[in-house]
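> Dropping a structure here in structure tokens format, bear with me for questions.
The values are calculated or read from the model by the stated rules, or taken from the named source; none is laboratory data. Because the structure is predicted, anything quoted here is derived from the model rather than measured. Here the Cβ positions follow ideal geometry from the backbone for every residue, glycine too, while neighbour counts run over all protein chains shown. Calculation scope for accessible area: heavy atoms of the full protein, side chains included, ligands and nucleic acids excluded. Shrake-Rupley method; radii C 1.70, N 1.55, O 1.52, S 1.80 Å.
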Amino acid sequence: MDTRTGLPVVGMVGGGQLARMTHQAAISLGLSLRVLAAGENESAGLVASDVVRGHHTDLAALRAFAGTVDVVTFDHEHVPGQHLRALEAEGVVLRPGPSALAFAQNKLLMRERLAAQGIPGPAFVEVTAPDDVTAFAEKHAWPVVLKAASGGYDGKGVWLVGSQDEATSLVRELLDAGTPLLVEERVEMRRELSALVARSPFGQGSAWPVVETVQKDGINTEVLAPAPGLTAAKTALAQELALRVADELGVVGVLAVELFETETGLLVNELAMRPHNSGHWTMDGSRTSQFEQHLRAVLDYPLGVTEPLSPTVMANILGAPETPATSPDERLHHLFARFPDVRVHLYGKSERPGRKLGHVNVLGPITDDTRKRARLAAHWLSHAEWLDGYRAH
Ligand code: ADP
């Protein structure tokens, strides 16, 4: 308990943009997020006053941090499972807990568990030798999708494999490097969706509208909230599925269930047990943002309403191949001059090619025009270039 405020102290492991935006929501609730940050100048460390330096793989650092907070939650899924279980055994309140987090940390465990619960997903099998991939592909079809069971993000750790030769060399190389692997059928999909929900320890659940996520080179670039043309029945199905996963795995906090929409239905791709890129639109487009909801859930407060205020297009601001000469200050200035309604969320990160530097939310009907404005704004903020040739002067 923080004796100055009489409110509990929430500790978040990881100092990235999700911690930064959770801190932003914490401020409104009278809280101040305490952050365990591995590096200097991390996104959350620039704005939170209560930052502890320490690495998320260092049990002693985690233990010391946990000893100063009422509840520990996470900005990423990279804390080793054995550390989480050790902390839990010592009485640390972890939300979500290790038994739930295991399924967000390991894709093979997740696939096995969801299959056992009858939740639809792609066909898969564990890979311990190149032959496993070949046998799987002969049963299904080439190409197949090879995945690192743990440690991947933004498409790193996902490989489309087209032939036995390709599989043999890649699988050998990865297994030699100690990467645990699984292989999945390549799903023919119409599009990707995300069902974002939250669950509290009390057992309350809430669901936001299901969104469409657009990716480029494995990185999410755009979110359409709600997913255009998704029927009420499919929306309800996706929401119920996500709430069921949250309940059955005992998730606390926000859970993102990434889905593939196919000709015949919905398949689960993966799970994230924290605020998620597909929920950034909620900061402006929903009555309760995913960051506030995550805090409410981990503190076991009643959850907020998740009704949308408006349809919203979110576009990620991804670092340009070369940092533009036009300063970030000047870019913002020109952005606001052209698009006064665009909601900007910058993460305070240094610019690197492809790095997620921030996002924009544009409220309005999901039309080509709204999408175009979001895309133009996001590209301008990182590249200092208007994709439509617009000239300010
Ligand atoms: P990451 O954890 O890096 O986000 P994912 O497992 O979500 O990796 O895969 C990244 C992207 O690769 C997905 O968003 C999807 O576009 C594609 N993908 C993943 N699995 C399959 C699959 N079985 N079939 C077809 N595409 C897939």
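> Going toward the positive end of the dipole of the chain, with +1 on Lys and Arg Cβ and -1 on Asp and Glu Cβ, which of GLY155, VAL10, ALA225 do you reach last?
Sorting the options by dipole projection puts first VAL10.
> Over the stretch 1-160, what is the relative contact order in percent, taking alpha-carbon pairs closer than 8 angstrom and at least six residues apart?
16 percent
> With every protein chain kept in place and ligands, DNA and RNA left out, what is the accessible area per residue of the chain? Probe 1.4 Å, answer in Å².
44 Å²
> Below 23 Å, Cα to Cα, which lysines can LYS356 reach? Residues fewer than 8 away in the same chain don't count.
Within reach: LYS147, LYS156, LYS216, LYS372.
> Please report the spacing between the Cα centers of the stretch 357-375 and the stretch 57-132 in Å, no decimals.
34 Å
> Tally up the carbon and sulfur contribution to the accessible surface of the stretch 115-267 as a whole percent, 1.4 Å probe, everything protein left in place. Spell out each step's value before the answer.
Numbers: 3530 of 6850 Å².
About 52 percent, which is the carbon plus sulfur part of the accessible surface.
> Pairs of Cα atoms under 8 Å, at least six residues apart: use those to get the relative contact order of the chain, whole percent.
For the chain, the relative contact order is 13 percent.
> Only four residue types carry charge here, +1 at the Cβ of Lys and Arg and -1 at the Cβ of Asp and Glu. Report the dipole size of the chain about the Cα centre in Debye, rounded to the nearest 20.
Values: 36 positive and 47 negative charges, 180 e Å.
Result for the chain is approximately 860 debye, rounded to the nearest 20.
> Let me ask you something else. Can you tell me the order of 312-321, 180-189, 129-138, 155-164 when each peptide is scored by its average per-residue count of other Cβ atoms within 10 angstrom, highest first?
The most tightly packed comes first, giving 312-321, 180-189, 129-138, 155-164.
> Right, something else. Using a simple charge model, +1 on the beta-carbon of Lys and Arg, -1 on the beta-carbon of Asp and Glu, nothing else, what dipole does the stretch 183-294 show about its Cα centre, in debye to the nearest 20?
300 debye
> Using DSSP H assignments, which helices in the chain have an axial alpha-carbon span of 20 Å or above and a mean Kyte-Doolittle hydropathy of -1.0 or higher?
232-249
> Ok, one more. Any idea what the dipole of the stretch 77-231 comes to, in debye rounded to 20, about its Cα centre with Lys/Arg Cβ at +1 and Asp/Glu Cβ at -1?
The dipole magnitude comes to about 560 debye.
> Next question. When we measure straight from the Cα of LYS234, which aspartates and glutamates land under 15 angstrom away, once same-chain ones fewer than 8 places off are left out?
GLU192, GLU212, GLU258, GLU261, GLU263
> Give the ranking of LYS147, LYS234, LYS372 by solvent-accessible surface, highest area first, calculated with a 1.4 Å probe.
Solvent-accessible surface, decreasing: LYS372, LYS234, LYS147.
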